[in-house]
Every structure is written in structure tokens, then in C-alpha cells.
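Encoded as C-alpha cells, the structure appears first; notes follow it.
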Amino acid sequence: MVRIVLVQGDITAEAADAIVNAANSSLLGGGGVDGAIHRKGGPEILAACQQLRRSHYGKGLAAGQAVATTAGRLAARHVIHTVGPVWSREEDRSETLASCYRASLRVADELGDRTVAFPAISTGIYGWPMEDGARIAVRTVRSTRTEVEEVRFVLFDERARAAFEAAVSELGHPWERDHP
Ligand code: ADP
């Protein structure tokens, strides 16, 4: 059973085998987590993303998919870029959001990464309601078969941390809190 650790803080300060980026389809950077990862990780990550655009991902990365690059100067072996769905009132895109977590864990498995740090995908610029985003994140991680031993959800603020604490408690999954 995967160990779930909740951390409040900046994901670019985490040490993990893989750090997950809430990227956009262009893979060429953006705001939020994406901007922070490129700023702190340095130009090597963007260069790797540009290379992906020139090769397998000419049209970019579709929502729900994941792909890895170097982590540059971050304290990680890889950055796993995944594109969350934009929240919609008209359409239920929960399955696409769940797919981000699943696909990222699959990429981590392929690379042999055992500790993975996730942000709360889609809950920033993409507008997903935090409580629901937290529930989908936790439910998906605990129901995915993976060799990953530890998932660290790195939550930017108190509200996000509380939402994830409620989600893990509700599902009865054992979890720990990490004090940075
Ligand atoms: P998305 O476009 O998928 O919504 P964002 O990066 O805008 O992605 O936001 C995803 C979540 O990450 C939001 O809850 C946001 O508050 C949070 N966030 C933003 N910057 C950071 C950071 N440096 N570390 C951890 N979480 C962050």
C-alpha cells in the first residue's frame, strides 16, 4: 500500500525521485507550479520539453497524459509533466483528472521512481474546486497499482492542506503529515 504524506509548502523545495508538474499542453511553461518548476529547475527542463515538442509530442501533451524529463536543478531525478483538465460546469472531466495521477504513477514506475511529489493538479489556474480535486487525487492514488512507495501531496496553502486531510481521512487511508 502506497504511503501518503501531506506537506504544506512549495513543491519546488521538495526532494523526491520525481516531482510532478501541473503543466499545460504546450509543455513550454506557464504560471503556477509550472512557472515555479522552470524558474527553480533552470533551462535544462525547458530544453527537454522543447525536444519533446520536436519529437513525439509535436502537438503537445493531451490532458490526462504524462511524460518525464530531467529535473534540472531540482532535488529530483525527474519532472513528470502532466496536463490537468480545465474545470467545466457543463462537462464532468473527473476521469481526465484521475488519469493525470494514474499516468504520472505509470511513468514513475517505468523510470523506477519510488517517491513522487504531486501538486493539487487543476486546482489553480484550471479552476477545479479544491475539495473535489483532493478527493479525486487521493482516491486515484490509493486505487492505482504501482511500485511507487511514497506519494507526497505538496499543498501550497492551508486550505489545500485541509482539503487533502479531509479526503484521506474520509477514505480511511493511513497518512502522515510532514512538517517542513
Ligand atoms: P493548474 O493549471 O493545473 O490548475 P496551477 O499550477 O495553477 O495548476 O495550480 C495547481 C495547484 O498548485 C493550486 O492549488 C496552486 O495553488 C498550487 N501551487 C501553485 N504554485 C505552487 C508551488 N510552487 N508549489 C505547490 N503548489 C503550488
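The values are calculated or read from the model by the stated rules, or taken from the named source; none is laboratory data. Quick caveat: nothing in here was measured; it's all calculated off a predicted structure. Cβ placement follows ideal geometry from the backbone for every residue including glycine, while neighbour counts extend to all protein chains displayed. When the accessible area is computed, the model is the full protein with side chains, heavy atoms only, and any ligands, DNA or RNA have been set aside. Shrake-Rupley method; radii C 1.70, N 1.55, O 1.52, S 1.80 Å.
From the residues 46, 64, 21, which one has its Cα farthest along the dipole of segment 3-177 in the positive direction, the dipole being from +1 and -1 charges on Cβ of Lys/Arg and Asp/Glu about the Cα centre? Checked the options; the winner is 46. Amide H contacts for residue 3 (H built 1.01 Å from N in the peptide plane; partners 5 or more residues away or on another chain; cut-off under 5 Å): 150, 151. Accessible surface of segment 3-177, 1.4 Å probe: 48 percent of it comes from carbon and sulfur atoms. Taking all protein chains into account, the per residue accessible area for segment 64-136 stands at 42 Å² (1.4 Å probe).
Each label was represented as a point 7 Å from its Cα along the Cα-to-Cβ direction; for residue 62 and residue 178 these points are 3.3 nm apart.
Checking every one of the GluC sites (Glu not before Pro) in segment 24-125 against DSSP loop status and a limit of 13 other Cβ atoms within 10 Å picks out 90, 91.
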